[in-house]
Amino acid sequence: MDPFSTLLDLRTGALDPQRKVTERRLADLDGLFAAPVEDPQRLAYRVLEIPAPADNSNLLSSTTILEPGRVGDEYLMTKGHFHATRERAEIYVTLAGDGRLLMATEDGRTHVEAMAPGTVNYVPGWWAHRSVNVGDEPLVFFAVYPGDAGYDYGTIEEQGFPSLIVAGPDGPAVVPNPRYRGT
Ligand code: M6P
Ligand code: ZN
């Protein structure tokens, strides 16, 4: 393939040219939150991708724009996934907003990192990752990952994350997930 360039707006995360766009509405996150979703058509986040061949010679990258808001006491968040090829790592660069990067291993360990403009988060292989918008503005971050990382959403859909990030009296709080079904 030939080299190419994309313009990334460092404030909004917009890509020019914009190629593949995935929209997730609350209806697509059904069952993720403990509380019922009242507005299923509401936009939760958009993923703008820079396509490349999905093999281990290439890198995929994307902007995620995650809206602010809550369902019950849980903040809007991404579905979250393990990589189908478990050992594949990922880098997040936050451009805007206030977030938390919630990570978990399959044996139930949790790790949380802050996301703020300029933060570079390193997600090692074997760690599932979900971003959570704890602020009042869109959380915007750019991610880079190996082309053959792949997505395993099923494990998280079945087991959930061991921990949740909820709105507490003193702001965002990490609490055990009572619905966690992992080991
Ligand atoms: C980041 C990357 C993408 C991912 C997106 C949304 O941009 O990790 O690969 O698709 O976040 O997360 P999810 O796929 O879990 O909904
Ligand atoms: Zn990933």
Report summary line: Turns out the strands (runs of 3 or more DSSP E) fully within the range 6-98 with at least 2 residues that are among the polar types (S, T, N, Q) are 59-66
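This table checks each residue for (1) aromatic (Phe, Trp, Tyr); (2) modelled with pLDDT of 95 or more; (3) out of contact with any helix residue (DSSP H, G or I) (no Cβ under 7 Å at 6 or more places or on another chain); (4) surrounded by 14 or more Cβ atoms within 10 Å (Cβ to Cβ).
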position: LEU66; (1), (2), (3), (4): no, yes, yes, yes
position: ARG70; (1), (2), (3), (4): no, yes, yes, yes
position: HIS81; (1), (2), (3), (4): no, yes, no, yes
position: ALA89; (1), (2), (3), (4): no, yes, yes, yes
position: THR105; (1), (2), (3), (4): no, yes, yes, yes
position: GLY108; (1), (2), (3), (4): no, yes, yes, no
position: TRP127; (1), (2), (3), (4): yes, yes, yes, yes
position: PRO138; (1), (2), (3), (4): no, yes, yes, yes
Query raised in the report: Hey, does the range 19-29 have a residue that's closer than 30 Å to GLY118 by Cβ and polar (S, T, N, Q)?
Result: yes
Report task. Name the one entry in ALA27, ALA44 that is within 30 Å of ARG179 (Cα to Cα), loosely packed, with under 15 Cβ neighbours inside 10 Å and away from ligand 2 (no atom under 16 Å from the Cβ). Result -> ALA27
Query raised in the report: What is the residue count in the range 91-120 for residues that are among the β-branched types (Val, Ile, Thr), farther than 14 Å from LEU139 by Cα and in contact with a Ser or Thr (Cβ under 6 Å, 6 or more places away or on another chain)?
Result: 1
**Report entry** Close pairs (6 angstrom Cβ cut-off, 6 or more residues apart or separate chains): within 22 Å of ARG100 (Cβ to Cβ) in the range 140-151, within 9 Å of ligand 1 (Cβ to nearest atom) and basic (Lys, Arg) anywhere
**Finding:** none
Query - Output for the range 144-155, where each listed residue is loosely packed, with under 14 Cβ neighbours inside 10 Å and in a helix (DSSP H, G or I) - result: GLY154
Requested in this report: Kindly indicate whether GLU158 is within 18 Å of TYR45 (Cβ to Cβ), surrounded by fewer than 16 Cβ atoms within 10 Å (Cβ to Cβ) and of a type outside the set (Phe, Trp, Tyr).
Outcome: no
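The values are calculated or read from the model by the stated rules, or taken from the named source; none is laboratory data. Note that this is a predicted model, so its numbers are computed, not measured. Cβ atoms come from the backbone with ideal geometry, glycine included; neighbour counts cover every protein chain shown.
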